[in-house]
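Contents: one structure, followed by commentary.
The values are calculated or read from the model by the stated rules, or taken from the named source; none is laboratory data. Not measured: the values here are computed from a predicted model. Here the Cβ positions follow ideal geometry from the backbone for every residue, glycine too, while neighbour counts run over all protein chains shown. With ligands, DNA and RNA removed, areas are computed over all heavy atoms of the protein, side chains included. Shrake-Rupley method; radii C 1.70, N 1.55, O 1.52, S 1.80 Å.
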Amino acid sequence: MACLLETPIRMSVLSEVTASSRHYVDRLFDPDPQKVLQGVIDMKNAVIGNNKQKANLIVLGAVPRLLYLLQQETSSTELKTECAVVLGSLAMGTENNVKSLLDCHIIPALLQGLLSPDLKFIEACLRCLRTIFTSPVTPEELLYTDATVIPHLMALLSRSRYTQEYICQIFSHCCKGPDHQTILFNHGAVQNIAHLLTSASYKVRMQALKCFSVLAFENPQVSMTLVNVLVDGELLPQIFVKMLQRDKPIEMQLTSAKCLTYMCRAGAIRTDDNCIVLKTLPCLVRMCSKERLLEERVEGAETLAYLIEPDVELQRIASITDHLIAMLADYFKYPSSVSAITDIKRLDHDLKHAHELRQAAFKLYASLGANDEDIRKKIIETENMMDRIVTGLSESSVKVRLAAVRCLHSLSRSVQQLRTSFQDHAVWKPLMKVLQNAPDEILVVASSMLCNLLLEFSPSKEPILESGAVELLCGLTQSENPALRVNGIWALMNMAFQAEQKIKADILRSLSTEQLFRLLSDSDLNVLMKTLGLLRNLLSTRPTLCILANIADGTTAKELIMTNDDILQKIKYYMGHSHVKLQLAAMFCISNLIWNEEEGSQERQDKLRDMGIVDILHKLSQSPDSNLCDKAKMALQQYLA
């Protein structure tokens with residue numbers, strides 16, 4: 001059965017299927033092997049750089065026939081090789097071409113071809129596999145389906161510089177995540193690829209380097225191994241440092257810097273090591289200059305953001321290297337003038353990808369300003385910075401919006417900026433808009449930032465409250481995502497701190513006692529702690545004490561309240577309050593906590609006795625208020641029982 005394009009064939013396409021295209025396919029069925037070979041060679045020459053011709057041949061069913069000839073034992077090695085070359089050329093066309101090839105099960109056929117003793121045929125199969133696996137429509141898993149494939153590819157690495165180049169390229173494209181890293185690592189990827197870094201071929205060195213960058217990413221096991229690998233008497237990190245020197249091609253400098261960055265982040269190289277501070281960091285800053293191509297500037301900034309993210313000292317060093325903070329401002333003015341780019345194709349490409357520069361700049365600013373107040377001040381004072389972030393919050397690209405929110409969140413850790421710049425630019429308005437309808441990854445960061453804007457000293461707190469934040473945050477506490485539940489509660493906790501009774505009542509009304517109970521038995525510890533924090537901040541109102549009385553009815557909640565001294569002290573405080581109703585509400589809590597028939601009551605009674613609760617109960621048993629007096633006597637009986 002012929003493998004056709006996924007899209008329906010329209011008459012307009014069929015009318016373009018020329019007689020000569022049919023002629024090429026017909027010759028593949030000639031009984032004379034020599035004529036078949038010549039037909040394949042002619043087809044190869046016809047499809048080079050001709051996407052229309054490639055599509056025609058696929059529609060006419062050339063692929064199944066080529067695969068049949070490639071796998072036939074009676075086919076000559078030369079014919080098989082030429083078939084692999086044509087298939088590789090077809091794969092270099094559109095993504096639809098690759099889908100058609102995948103539908104015809106091309107990968108198993110090519111992998112089978114790798115078992116041949118003929119090197120030229122093996123290289124042709126690998127070249128075609130490389131083209132297919134580097135296409136975004138090919139599932140990486142297809143490389144790992146058959147467990148014998150990876151070890152066989154490792155064995156083929158020694159055959160020629162072409163097998164080395166193609167196999168390394170296949171590995172670097174198909175290594176996505178820890179499972180793939182483990183498979184390649186366990187099959188000796190590090191040992192088999194390390195010596196290729198000193199190959200005479202630039203392409204081999206480059207592909208080997210890319211392999212190490214994907215293997216080391218967020219992988220301590222691989223990174224720790226790489227640190228101790230020797231190649232020609234030299235340690236790998238030293239080889240990487242040599243490869244990021246200024247006289248090396250930019251692609252090599254960048255990829256070496258990535259390798260060292262990933263090894264550092266995985267804990268294999270210290271952040272204060274000279275190869276990071278004096279080599280990797282300056283190299284990445286160089287990549288951010290406007291002399292570099294757009295994709296180099298993007299990759300440089302994003303890798304640098306990742307390198308310095310957890311380390312204050314690296315953030316400080318980066319912030320004063322080559323005027324980086326000012327240099328990043330240029331990322332928002334790109335392209336500054338059309339005349340600067342003479343290549344129209346390049347200009348068209350860059351205009352389509354300019355948003356990637358903005359995303360990278362926001363990411364790097366977020367990392368730079370993560371800890372240091374002076375750096376945050378410098379960033380905010382950079383020309384139109386706050387306006388740019390606010391604009392970024394409403395960009396169409398989700399990635400830019402996310403990076404802008406992250407940047408804002410990083411800067412919102414500054415008390416000074418919350419009181420000044422954030423208020424001057426009414427940042428809370430676009431942020432509330434972002435929170436209305438956004439994917440979870442943006443919601444998590446945006447709601448986390450809202451927590452900072454709701455701190456009691458933030459001037460934004462009042463307008464945020466007036467814009468319906470209570471309802472929005474209570475909604476977040478019902479999310480299936482624990483991070484959103486935590487942030488929802490955290491923001492409510494900040495909102496309730498030293499707030500007016502009206503705000504506290506609003507929170508209680510919107511959240512509901514049922515939801516509070518649910519949050520107090522949440523499986524996520526952070527949610528529990530923040531909920532207790534919220535309760536502590538709300539405890540100045542009687543309704544919350546009533547809620548606490550009910551909460552103390554559940555075993556888990558009892559344990560939580562008993563381990564939270566702040567809440568216990570609050571309850572103790574209200575037992576001695578001048579307002580009888582508040583005293584009664586506190587008494588309900590205590591009665592529930594010390595009730596004899598409940599599990600763990602003895603330990604709870606002992607702890608509360610040590611806190612002086614029994615003394616207060618004795619005083620209250622003499623109260624002129626009969627209700628309070630009875631409750632106190634009842635509670636004391638629990639101690640005597």
Practice item. Give me a count of the residues in the stretch 453-467 that are in contact with a helix residue (DSSP H, G or I) (Cβ under 8 Å, 6 or more places away or on another chain) and surrounded by fewer than 22 Cβ atoms within 10 Å (Cβ to Cβ). Key: 9
Check your understanding: Looking only at helices (runs of 4 or more DSSP H) that fall completely inside the stretch 469-541, which ones have 2 or more residues that are crowded, with 21+ Cβ neighbours inside 10 Å and not aliphatic (A, V, I, L, M)?
Key -> 482-496, 525-538
Practice item. Go through the stretch 259-297 and count every residue that is under 23 Å from the mean Cα position of the chain (by Cα) and not aliphatic (A, V, I, L, M). Key: 12
Practice item. Please note which helices (runs of 4 or more DSSP H) are completely contained in the stretch 78-135 and include at least 1 residues that are small (G, A, S) and more than 23 Å from T148 (Cβ to Cβ). Key: 95-103
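This table checks each residue for (1) within 19 Å of Q112 (Cα to Cα); (2) among the aliphatic types (A, V, I, L, M); (3) crowded, with 18+ Cβ neighbours inside 10 Å.
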| residue | (1), (2), (3) |
| --- | --- |
| R159 | yes, no, no |
| I170 | yes, yes, yes |
| C175 | no, no, yes |
| H180 | no, no, yes |
| G188 | no, no, no |
Review point. How many residues does the stretch 93-112 hold that are out of contact with any Leu (no Cβ under 7 Å at 6 or more places or on another chain) and either under 22 Å from T163 (Cα atoms) or not polar (S, T, N, Q) (or both)?
Key: 10
Exercise for review: Considering only the stretch 136-155, state which residues are of a type in the set (A, V, I, L, M), outside any helix (DSSP H, G or I) and within 27 Å of the chain's Cα centre (by Cα).
Suggested key: V137
Review point. Taking into account only those residues within the stretch 418-436 that are of a type in the set (A, V, I, L, M) and over 26 Å from the mean Cα position of the chain (by Cα), which is least open to solvent (accessible area, probe 1.4 Å)?
Key: L418
Exercise for review: Report whether or not D232 is at positive phi and more than 25 Å from the chain's Cα centre (by Cα).
Suggested key: yes
Review point. Could you list, in sequence order, the residues of the stretch 285-296 that are modelled with pLDDT of 95 or more and in contact with a Lys or Arg (Cβ under 9 Å, 6 or more places away or on another chain)?
Key: R286, M287, C288
Check your understanding: If you go through the stretch 304-323 one residue at a time, do you hit one that is open to solvent by 10 Å² or more (accessible area, probe 1.4 Å), in a helix (DSSP H, G or I) and either in contact (Cβ under 8 Å) with a residue 60 or more places away in the chain or touching a strand residue (DSSP E or B) at 6+ places or on another chain (Cβ under 8 Å) (or both)?
Key -> yes
Study note, to complete from the structure: Note on R127: of the conditions (1) surrounded by fewer than 21 Cβ atoms within 10 Å (Cβ to Cβ); (2) within 32 Å of the chain's Cα centre (by Cα), unmet is (1)
Review point. Is there a residue being open to solvent by 20 Å² or more (accessible area, probe 1.4 Å), hydroxyl-bearing (S, T, Y) and without any contact (Cβ under 8 Å) to a residue 60 or more places away in the chain anywhere in the stretch 206-219?
Key: no
Review point. Residue check: is C259 hydrophobic (A, V, I, L, M, F, W, C), in contact (Cβ under 8 Å) with a residue 40 or more places away in the chain, in a loop (DSSP other than H, G, I, E, B) and open to solvent by less than 10 Å² (accessible area, probe 1.4 Å)?
Key: no
Exercise for review: Would you please list the contacts, defined by Cβ atoms under 9 Å and residues six or more apart or on different chains, that run from a residue in the stretch 229-240 that is open to solvent by less than 60 Å² (accessible area, probe 1.4 Å) to a residue that is modelled with pLDDT of 95 or more and part of a strand (DSSP E or B)?
Suggested key: V229/L235; L236/L230; I239/V231
**Study point:** Members of the stretch 604-641 found to be of a type in the set (D, E, K, R) and either at pLDDT 90 or above or outside any helix (DSSP H, G or I) (or both), listed by number
**Key:** D606, K607, R609, D610, D615, K619, D625, D630, K631, K633
Check your understanding: Restricting attention to the stretch 564-594, and to residues there that are open to solvent by less than 20 Å² (accessible area, probe 1.4 Å) and among the β-branched types (V, I, T), which single residue is modelled with the lowest pLDDT?
Key -> I567
Review point. (1) open to solvent by 20 Å² or more (accessible area, probe 1.4 Å); (2) at pLDDT below 95: which one isn't true of N56, the others all being true?
Key: (1)
Exercise for review: Could you please let me know if N550 is under 18 Å from L617 (Cβ atoms), touching a helix residue (DSSP H, G or I) at 6+ places or on another chain (Cβ under 7 Å), polar (S, T, N, Q) and at pLDDT below 80?
Suggested key: no
Review point. What tally of residues in the stretch 163-181 results from selecting those that are in contact with a helix residue (DSSP H, G or I) (Cβ under 8 Å, 6 or more places away or on another chain) and farther than 17 Å from L142 by Cβ?
Key: 5
Point to revise | Selection count, the stretch 624-634, where residues are touching a residue at least 24 places away in the same chain (Cβ under 8 Å) and open to solvent by 20 Å² or more (accessible area, probe 1.4 Å) | key: 4
Practice item. Check off (1) open to solvent by less than 40 Å² (accessible area, probe 1.4 Å); (2) within 20 Å of V204 (Cβ to Cβ) for T138 and give me the number that stays unchecked. Key: (2)
Review point. Of the residues in the stretch 21-42, how many are assigned to a helix (DSSP H, G or I), out of contact with any Lys or Arg (no Cβ under 8 Å at 6 or more places or on another chain) and more than 16 Å from T77 (Cα to Cα)?
Key: 5
